[in-house]
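The block underneath contains the structure these notes are about, expressed in structure tokens.
The values are calculated or read from the model by the stated rules, or taken from the named source; none is laboratory data. Small disclaimer: the values here were computed from a predicted structure and weren't measured. No Cβ is skipped: glycine too gets one built from the backbone with ideal geometry, and neighbour counts run over all protein chains shown. Surface accessibility is based on the protein's heavy atoms, side chains included, excluding ligands, DNA and RNA. Shrake-Rupley method; radii C 1.70, N 1.55, O 1.52, S 1.80 Å.
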Amino acid sequence: MSSRVKVVVTGAAGQITYSLIPRLLDGKTFGNKIVDLVMVEIPQVVSKLEGVLMELEDSSFPNMGSVEYTDNFADAAKDADWFLLVGSIPRGIVYEGKKIEERSDLLRINGGIFVNQGEAIGKYGKKDAKILVVGNPANTNALIGQNASGVNSQLWMAMTMLDCNRAKSVISKKVQCSIEEVKKMIIWGNHSPTMYPDIENAIVNNSSVGSLVNDMEWVDKTFLPTVQQRGKAVIDARGASSATSAAKAALDTIIACENPTGDGDCFSAAVASDGAYGVPEGLICGYPLMTMEDGSVEIIRDISLSNFAKEKFDISIAELESEREAVKDLL
Ligand code: NAD
Ligand code: LMR
């Protein structure tokens with residue numbers, strides 16, 4: 001007999017969720033579990049979710065359980081196992097007469113959303129709920145939400161899997177391997193242009209990708225900026241921020257949390273620091289993670305960082321600290 005999982009998705013009438021929601025129900029992301037879904041939107045557009053619901057009904061998904069929609073997040077949160085917090089404003093748009101250029105420009109616009117949602121998750125979500133923040137600036141939004149929840153047993157994550165998938169794609173072209181062969185692709189720090197995609201610790205067939213590439217000039221001048229700036233490149237080309245790749249990354253994060261991590265691998269997401277790798281406690285920082293047999297998610301603590309890597313990682317940590325300072329009234 002299959003078990004059930006209750007999943008809450010915010011921003012359910014947006015771009016990312018149009019790709020994401022159907023694939024929660026297809027029997028792959030949650031295995032054979034039946035998925036009870038609650039879609040959440042703001043009052044102005046919540047009625048559009050009637051159309052999304054119709055499409056889901058018309059798709060004959062094998063693992064679809066109950067599907068509801070609402071503009072009341074606290075109602076949605078009751079006994080939920082998973083929260084996918086996508087609902088927020090993307091960059092690349094004009095907001096109050098000003099073009100939003102950097103994800104951090106969204107701090108004051110989106111940050112407040114996560115106070116109320118965090119409180120409701122702490123109060124009504126399952127005690128072992130997992131929360132994936134996709135809305136930008138994802139790390140600091142997750143910090144705000146986790147702080148508001150007042151609960152330590154829930155797992156708050158900010159999404160860096162998209163950066164990980166981007167890095168794997170660049171590496172697979174460079175060293176001529178398949179994407180599946182690239183393992184241990186760690187994204188350290190913030191989901192922002194300061195993130196550090198760690199090519200030295202990434203491996204292909206048990207060899208360090210850094211050694212295989214053996215070209216630090218290419219790493220510094222091509223690899224890092226390509227991955228760090230890929231979100232902007234997509235916005236410039238598409239006129240809208242990444243959506244289908246962001247949805248895929250959210251699904252990959254869920255799959256990584258729902259299944260024990262394979263030997264010699266890890267997955268990427270940002271979680272609260274407990275001081276690991278010298279990161280100030282509480283910051284939501286990109287780390288190498290693994291899911292244990294009992295379903296808990298742990299930081300992998302024995303990765304060595306070169307001086308080059310430490311220098312880059314420190315820049316991202318400093319940025320996370322300055323973002324925390326900028327939202328201290330919300331904490
Ligand atoms: P979108 O504008 O298409 O959709 C966002 C939706 O969120 C809208 O329908 C809006 O009504 C809804 N919303 C806003 N406030 C809400 C609230 N309080 N509760 C519920 N719903 C709410 O935007 P999108 O392209 O889907 O992007 C969503 C967010 O994801 C943006 O912040 C974007 O920057 C971010 N993003 C993050 C990553 C990542 O890797 N972490 C990748 C891509 C996009
Ligand atoms: C991305 O990395 O594609 C998203 O964070 C969207 C953005 O603003 O870059």
Sole miss for K183 among (1) within 16 Å of ligand 1 (Cβ to nearest atom); (2) charged (D, E, K, R); (3) open to solvent by 10 Å² or more (accessible area, probe 1.4 Å) is condition (1)
Of all residues in region 278-309, which are free of Cβ contacts under 8 Å to residues at least 60 places away in the same chain and surrounded by 16 or more Cβ atoms within 10 Å (Cβ to Cβ)?
-> V279, L289, M290, T291, I299, I300
Filter result (hydrophobic (A, V, I, L, M, F, W, C) and open to solvent by 20 Å² or more (accessible area, probe 1.4 Å)) within region 310-331 | I315, A318, A326, L330, L331
Assess whether Q15 counts as being surrounded by fewer than 24 Cβ atoms within 10 Å (Cβ to Cβ) and touching a residue at least 60 places away in the same chain (Cβ under 8 Å).
-> yes
In region 102-142, the residues that are open to solvent by 20 Å² or more (accessible area, probe 1.4 Å) and either more than 12 Å from ligand 1 (Cβ to nearest atom) or touching an Asp or Glu at 6+ places or on another chain (Cβ under 7 Å) (or both) | S104, R108, E119, K123, Y124, K126, K127, D128, K130
Taking region 61-87 and keeping only residues that are of a type in the set (S, T, Y) and open to solvent by less than 40 Å² (accessible area, probe 1.4 Å), one is left with T70
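Here's the yes/no breakdown for (1) in contact with a helix residue (DSSP H, G or I) (Cβ under 7 Å, 6 or more places away or on another chain); (2) part of a helix (DSSP H, G or I); (3) at pLDDT below 95:
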position	(1), (2), (3)
I89	yes, no, yes
E101	no, no, yes
L106	no, yes, yes
I109	no, yes, yes
D128	no, no, no
N139	yes, yes, no
L143	yes, yes, no
D163	yes, yes, no
Of all residues in region 82-136, which are within 15 Å of ligand 2 (Cβ to nearest atom), among the basic types (K, R) and in contact with a Ser or Thr (Cβ under 6 Å, 6 or more places away or on another chain)?
-> R103
Mind checking which residues of region 18-37 are among the polar types (S, T, N, Q), more than 16 Å from ligand 2 (Cβ to nearest atom) and either at pLDDT 95 or above or open to solvent by less than 40 Å² (accessible area, probe 1.4 Å) (or both)?
-> T29
Tally time: how many residues in region 229-276 are in contact (Cβ under 8 Å) with a residue 60 or more places away in the chain, of a type in the set (V, I, T), open to solvent by 10 Å² or more (accessible area, probe 1.4 Å) and within 11 Å of ligand 1 (Cβ to nearest atom)?
-> 2
Considering only strands (runs of 3 or more DSSP E) wholly within region 186-301, the ones with at least 2 residues that are at pLDDT below 95 and among the β-branched types (V, I, T) are none
